[in-house]
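What follows is a single structure, written as structure tokens, with notes after it.
The values are calculated or read from the model by the stated rules, or taken from the named source; none is laboratory data. Note that the coordinates shown come from a computational prediction; the quantities given were computed from them, not determined experimentally. FYI the Cβ positions are ideal-geometry reconstructions off the backbone, even for glycines, and counts take in every protein chain you see.
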Amino acid sequence: MTTRILSLAAALAVSVSFGALAQSPQADAVGRWLHDPQGNTIGSVRGLADGGSTAVLMIGSYFRPGSHEARVPARMLSIVDGRVVLQGETVEALNAAPGR
């Protein structure tokens, strides 16, 4: 009986935490194009890591030389007019520190 109650409590805790993540703008950004504040497409959002606190980005295009993965705090992403926008970081800074 105790094991069943603990299992149910653990399942409920997991579903609540995933529900909170699914409601966040960052979770909605996964798989979409990434723009700078000026509206230029600078890459895409590949996923979230570290429990949703880190955004994994592909800067540039997969088909072009120089494209690379970068990680930034997920709070730097916002959705503005239906576009995913990277706030507070420039594409130049991300290019200077690939893989960070």
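Which residues, counting only those in the range 53-85, are part of a helix (DSSP H, G or I) and under 15 Å from residue 31 (Cβ atoms)? Spell out the reasoning first.
Step one: list which residues in the range 53-85 are part of a helix (DSSP H, G or I), which gives 74-76.
Within the range 53-85, just 74 meets the criteria.
Which residues, counting only those in the range 27-48, are among the β-branched types (Val, Ile, Thr) and within 13 Å of residue 61 (Cβ to Cβ)?
41, 42
Going residue by residue through the range 29-42, is there one that turns out to be under 15 Å from the mean Cα position of the chain (by Cα), of a type in the set (Ser, Thr, Tyr) and at pLDDT 85 or above?
Scanning the range 29-42 turns up no residue that is under 15 Å from the mean Cα position of the chain (by Cα), of a type in the set (Ser, Thr, Tyr) and at pLDDT 85 or above.
On the basis of being touching a residue at least 12 places away in the same chain (Cβ under 8 Å) and loosely packed, with under 15 Cβ neighbours inside 10 Å, does residue 90 make the cut?
It is true that residue 90 is touching a residue at least 12 places away in the same chain (Cβ under 8 Å) and loosely packed, with under 15 Cβ neighbours inside 10 Å.
Restrict the check to the range 55-72 and report whether at least one residue is touching a Lys or Arg at 6+ places or on another chain (Cβ under 6 Å), of a type in the set (Val, Ile, Thr) and modelled with pLDDT of 85 or more.
For the range 55-72, residues touching a Lys or Arg at 6+ places or on another chain (Cβ under 6 Å), of a type in the set (Val, Ile, Thr) and modelled with pLDDT of 85 or more: present.
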